[in-house]
1. Would you check which residues across the range B:14-50 are away from every other protein chain (no Cβ under 13 Å) and closer than 20 Å to residue A:27 by Cα and list them?
2. Residues in the range A:174-181: is at least one surrounded by 14 or more Cβ atoms within 10 Å (Cβ to Cβ) and under 17 Å from the mean Cα position of the chain (by Cα)?
3. Give the range B:142-159 a look and list any residue that's surrounded by fewer than 20 Cβ atoms within 10 Å (Cβ to Cβ) and away from ligand 2 (no atom under 16 Å from the Cβ), or say none.
4. It is to be established whether one or more residues within the range B:132-146 are away from ligand 1 (no atom under 16 Å from the Cβ), within 14 Å of chain A (Cβ to nearest Cβ) and at pLDDT 95 or above.
5. How about the range B:97-116: which of its residues are in a helix (DSSP H, G or I) and either more than 14 Å from chain A (Cβ to nearest Cβ) or in contact with a strand residue (DSSP E or B) (Cβ under 9 Å, 6 or more places away or on another chain) (or both)?
6. Anything in the range B:170-203 that is within 10 Å of ligand 2 (Cβ to nearest atom) and assigned to a helix (DSSP H, G or I)? List them, or say none.
7. Determine, yes or no, whether residue A:89 is more than 25 Å from residue B:92 (Cα to Cα), assigned by TED's automatic domain parsing to the domain that holds residue A:178 and away from ligand 2 (no atom under 16 Å from the Cβ).
8. Tell me yes or no: at least one residue of the range A:87-97 is assigned to a helix (DSSP H, G or I), within 14 Å of chain B (Cβ to nearest Cβ), surrounded by 11 or more Cβ atoms within 10 Å (Cβ to Cβ) and within 16 Å of ligand 1 (Cβ to nearest atom).
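The values are calculated or read from the model by the stated rules, or taken from the named source; none is laboratory data. Since this is a predicted model, take the numbers as computed values, not measurements. So basically every Cβ, Gly included, is an ideal-geometry build from the backbone, and we count neighbours across all protein chains shown.
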Ligand SMILES: [Zn+2]
Ligand SMILES: [Zn+2]
């Protein structure tokens, strides 16, 4: 009710609240709080925020090779000659690259699918960057594709599908080892995780 | 008497939707409560104790606590993870199709024990060697049966006369077979060959062991698939999403 009264008196603020409310994890109460906060900050600070937001949309795009986000095309990873361009790590989402980079264990390049095959949600291969991956592999020097999709049903389905498509090209296809999470409890592991951890066991 | 604050049930995970940072809303099919939605908290974190126990295509024993809106999954133990199903793209995809059909046709908290038993036995059946198309067609027919959409295959749905051993027609809108005489007036008719009719009649009334002994060629298989798909689409008033994926696998010969 309070919001409704406000709408009729201060349109710009109501609009700002509405925009904040569209953001993930921001309810109407938080949206209101953020809007009031911005009313109080110095004009320059508010302008900086507005510019940062539009810069993200205007200057950041997708790398035409790996579909990572970048402010220059190709992205810094694809341009880096110190990296091993014969190994491509395929991930579901942009956010998957950061943790893999943090390990410092992978020096190859990436390919972001921008989603995962989810048949019951109508999410098929044509919605993903799969065509682009295949044309990237054609007549290339790539020797290994590492499938780093999530260890859940859709991730597995996507990995199996990609394996069917890539193997005939004569390129080695590997999958991230699936097993017990570090810090997890054997007792609570489900039988799929446990069987895979057994299958993929290693010499110590 | 008020419902208990905590309860336990067997369940097959039909669907899961991301909620917030690490939670999911899960849809289960259960023997005594029918379809059930509940929240699984923290389930997307790698160390979650629920994790793999509430993955799609998993038969689990779950503990729930009453919540304000949705109930909350507090514990889960896998009864059968259907590993064989999850390791094969075709089997997995057929399993997902079965889940989607059950989810699409059922409403929450309406008990239908035969549907639970059918789904569970279908998942077991999909793990075995055998014609996956037969398994799905049998599943569809039996599911429609338990839902009250059993197609009329014995007599013409218009004139009620027994069907002749010739090619007849199937009408989705009328839920059964039309004889050639009556079909002449129906614009939405589609041909039902005598072989298809015989197979459908058998599957409608036999157990799954008998159903799987039928040998059908690819032409008959496609005909039956098309017919059931049209009928299901008519009943749901929309396409089954995972059917498009099955088509794709078939087209790409995977
Ligand atoms: Zn790139
Ligand atoms: Zn008739």
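1. B:25, B:39, B:41
2. Yes, the range A:174-181 contains a residue that is surrounded by 14 or more Cβ atoms within 10 Å (Cβ to Cβ) and under 17 Å from the mean Cα position of the chain (by Cα).
3. Selection gives B:145, B:146, B:147, B:148, B:149, B:150.
4. yes
5. Initially, the range B:97-116 is screened for residues in a helix (DSSP H, G or I), giving B:97-105, B:113-116.
If the condition is that a residue be in a helix (DSSP H, G or I) and either more than 14 Å from chain A (Cβ to nearest Cβ) or in contact with a strand residue (DSSP E or B) (Cβ under 9 Å, 6 or more places away or on another chain) (or both), then B:99, B:100, B:102, B:103, B:113, B:114, B:115, B:116 are the ones that fit.
6. Result: B:180, B:181, B:182, B:183.
7. Spelling it out, it is not the case that residue A:89 is more than 25 Å from residue B:92 (Cα to Cα), assigned by TED's automatic domain parsing to the domain that holds residue A:178 and away from ligand 2 (no atom under 16 Å from the Cβ).
8. As a first pass, look at the range A:87-97 and keep what is assigned to a helix (DSSP H, G or I): A:94-97.
When the remaining residues are screened for being within 14 Å of chain B (Cβ to nearest Cβ), the result is A:95-96.
This time we only want the ones that are surrounded by 11 or more Cβ atoms within 10 Å (Cβ to Cβ), so: A:96.
Retained after the next criterion (residues that are within 16 Å of ligand 1 (Cβ to nearest atom)): A:96.
Checking the range A:87-97: at least one residue is assigned to a helix (DSSP H, G or I), within 14 Å of chain B (Cβ to nearest Cβ), surrounded by 11 or more Cβ atoms within 10 Å (Cβ to Cβ) and within 16 Å of ligand 1 (Cβ to nearest atom).
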